[in-house]
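Enquirer: One structure coming up, written as structure tokens, with questions to follow.
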Amino acid sequence: MKHKILIIITILVVITSYIWGQCRQFTEKEVIPKIGDYLLTGRYHSFVMSEGDQILIFKTLSRNIKYKFIVEKEPSLPVNVHFVVKDWQGHVIYDNGKNNFSDSWEYLSKKPQRIKIYISIPKVNTDPTNGCVSLVIGMKKVSS
């Protein structure tokens, strides 16, 4: 019995590693190049999401920096990715749902601030599908 449990755990670890590897590869090949002349902030986020899932990411923005946010999904997800950016008090700064579900957004931070980034996949199927979703943030300094 212990041998079977060990085999099942090993299989789950291998499958999970394979999926996360695919997600990282998708982000590096398909999404990061879209930041163009922006400098990658040093960290990107990639995760496997299913329809109906929502995640929350916190980010601190610096003054006089222009940011480019890119949120993109693999084609296996049949719905648009919805992302909303709010300030620390909960006021909406950007909602891609009001902008034809755009996968990118540029923002000039005129002051240091903390933001919350909500990323969700609407549930449209009774048997939800899943796929990789990536958040990449680029930045560039602007003259003050």
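Enquirer: Of 34/66; 68/110; 73/110; 29/116, which pairs sit farther than 20 Å apart, going by alpha carbon to alpha carbon?
Expert: On the way: 34/66 15 Å; 68/110 14 Å; 73/110 29 Å; 29/116 26 Å.
With Cα atoms farther than 20 Å apart: 73/110; 29/116.
Enquirer: Further question: Tell me, what ³J(HN,Hα) does each residue in segment 22-29 have, in order and in whole Hz, if you take phi through Karplus 6.51 cos²θ - 1.76 cosθ + 1.60 with θ = phi - 60° and put x for Gly and Pro?
Expert: Karplus-based 3J(HN,Hα) across segment 22-29 equals 5, 5, 4, 5, 4, 5, 5, 8 Hz.
Enquirer: So what is the diffusion coefficient of segment 2-141 in µm² per second by Stokes-Einstein at 37 °C and 0.692 mPa s, using a Kirkwood Rh over Cα pairs?
Expert: Translational D for this selection: 201 µm²/s.
Enquirer: Which loop-located trypsin sites (Lys or Arg not before Pro) does segment 48-108 contain, where loop means any DSSP state but H, G, I, E or B and the Cβ has at most 16 other Cβ atoms within 10 Å?
Expert: Passing sites in segment 48-108 are 63.
Readers should treat all values here as calculations from the given coordinates under stated rules, not as data from a laboratory. Given the structure is predicted, the values throughout are model-derived calculations rather than measurements. Using ideal geometry, Cβ is built from the backbone for each residue, glycine included, and neighbour counts are taken over all protein chains shown.
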